[in-house]
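A quick write-up on the structure given underneath.
Values in this text are rule-based calculations from the coordinates and carry no lab data. In this text the structure is predicted, and so the values were computed from the model without any measurement. A quick note on method: Cβ atoms are made from the backbone with ideal geometry, for glycine too, and the neighbour counts reach across all protein chains shown.
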Amino acid sequence: MMLQLLELRERVKNFYQRYDAYLLPIIKFIFAFIAFQTINKEIGYDERLKALPIVLGISLLSAFTPSAVMVLLAGVISVLHIYFVSPILSVIVIVILMILYFLFARYTPRHGYVLLAIPVLFLLKIPYVIPILLGLISTPIAMVPTSCGVIIYFLFQIIKSAVTMQINISIEDIIQLYTHVIDSFTGNRQMIMTIVIFALIIMVTYFVRKMSFDYAFEISILAGGLTSILGFLISYLVLSRSDQILSMILGTILSVGLVYIIHFFRLTLDYSGAEYAQFEDDVYYYYVKAVPKVTVTVSQVNVKHINVKKSGKREFSDPDTDETEDYDYEEEEYNNKDE
């Protein structure tokens, strides 16, 4: 069974390497389409921006541009939706999104997909995939886009509640609206705890997978999942949200499984073949542990081609060699006319 899985992995990797120039834009297009549709579902107040040609157009543009452009387009679409229903509220949203965008663009411009993936995965009840995966393949700096993604998700929830408050444009209503948004944003204990727990998941996963013991990558995934369960279990008990504990545990288990599948296709090590080396230079003495990657040769079937010629000869060609053999079947024919 394991051999078949390894062969499948090699086939998938070879297929992606061969057609990555075509597959990457397609994947980016699908991701952008899902992200923009999520925005339209959550805060889609302007029906014109929800039109399918517009969504397809900006998704196609995102497919051939850097991830920072996709994040910028998502921010513009969100502001336009909010401006349609509340120009006053859109000012607050612009300020918050600009701070998050410049913070993201300054430190992690290549992690734009994280900002958009976290709100989508929150709706799917598996946001824990992102911190575990980033701890496995990235560095602790990934906490910046992860925190920005969490803030964006909770900002959408605050906006949805604030929009229902606006009745007219009097000074009292404007002040009340601003006060509600700011207090809900700065005093959101669940958002703050989520940011802290996601940061802990990234740190724990990162430091465990950097250790030199066998199966450190696999154990780091389990450590990140355990950190997630313990962290959110404590936060839900503190916030009196015990009804979310079961879905959190199930979502974390599913997230661990998804990250392990990603890790299997990305990197599989053969710890039984580990080797140790020692050497020195003028300054240091080195102890090196080398673990080989698991690679398999995809089975191939060679087919011999038989070409029939008009002269009555058949030419047998072997694809592994350039030699051909001719057989004259006319000489082997039997003349039975005299019989």
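Considering every Cα-Cα pair within the range 101-198, what fraction, in whole percent, is farther apart than 18 Å?
On the way: 2469 of 4753 pairs.
Roughly 52 percent, once rounded to a whole number.
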If T108, T139 are placed from fewest to most neighbouring beta carbons inside 10 Å, the sequence is T139, T108
Contact order relative to length for the range 55-118, counting C-alpha pairs under 8 Å separated by 6 or more residues, stands in percent at 44 percent
Here the range 9-25 yields Karplus 3J(HN,Hα) values (6.51, -1.76, 1.60; θ = phi - 60°; whole Hz; Gly and Pro given as x) of 4, 5, 5, 5, 5, 5, 5, 5, 5, 6, 10, 5, 5, 9, 6, 4, x
Under 5 Å from the placed amide H of L269, counting only residues 5+ away or on other chains, we find V294
For the range 20-87, the Cα-Cα pair-distance distribution in 5 Å bins from 0, as whole percents, is 3, 19, 29, 23, 14, 7, 3, 1, 0
1/(1 + (r/R0)^6) with r = Cβ-Cβ of I34 and L258, R0 = 22 Å, i.e. FRET efficiency to nearest 0.05, evaluates to 0.90
One finds, for Y215 and I99 with R0 = 45 angstrom and r their Cβ-Cβ distance, a FRET efficiency to the nearest 0.05 of 0.65
In whole Å, largest first, the alpha carbons of the range 1-149 cover along the principal axes 60, 36, 28
Taking 193-200, 94-101 and ranking on average Cβ neighbours within 10 Å, highest first, one gets 193-200, 94-101
Rounded to one decimal in Å, the inverse mean reciprocal Cα-Cα distance for the range 89-129, i.e. its Kirkwood radius, is 11.4 Å
Exposure-ranked with fewest Cβ neighbours within 10 Å first, Y284, Y128, Y16 stand as Y284, Y16, Y128
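Can you give me the Rg/Rh ratio for the range 64-153, using Cα atoms for both radii and the Kirkwood formula for Rh?
Looking at the range 64-153, the ratio lands at 0.99.
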Mean projected area, convex hull of alpha-carbon positions in the range 145-244, reported to one decimal in nm², is 7.9 nm²
Gyration tensor (Cα only) of the range 117-165 to equivalent ellipsoid, semi-axes in Å sorted down, yields 25, 12, 5
The rounded separation in angstrom of the Cα centers of the range 225-259 and the range 1-59 is 28 Å
Amide H proximity to R241 below 5 Å, modelled H, separation 5+ or other chain, gives none
Checked against a 28 Å limit on the C-alpha separation, the offending pairs among K13/K289; K13/K210; K210/K293; K28/K289; K28/K210; K50/K125 are K28/K289; K28/K210
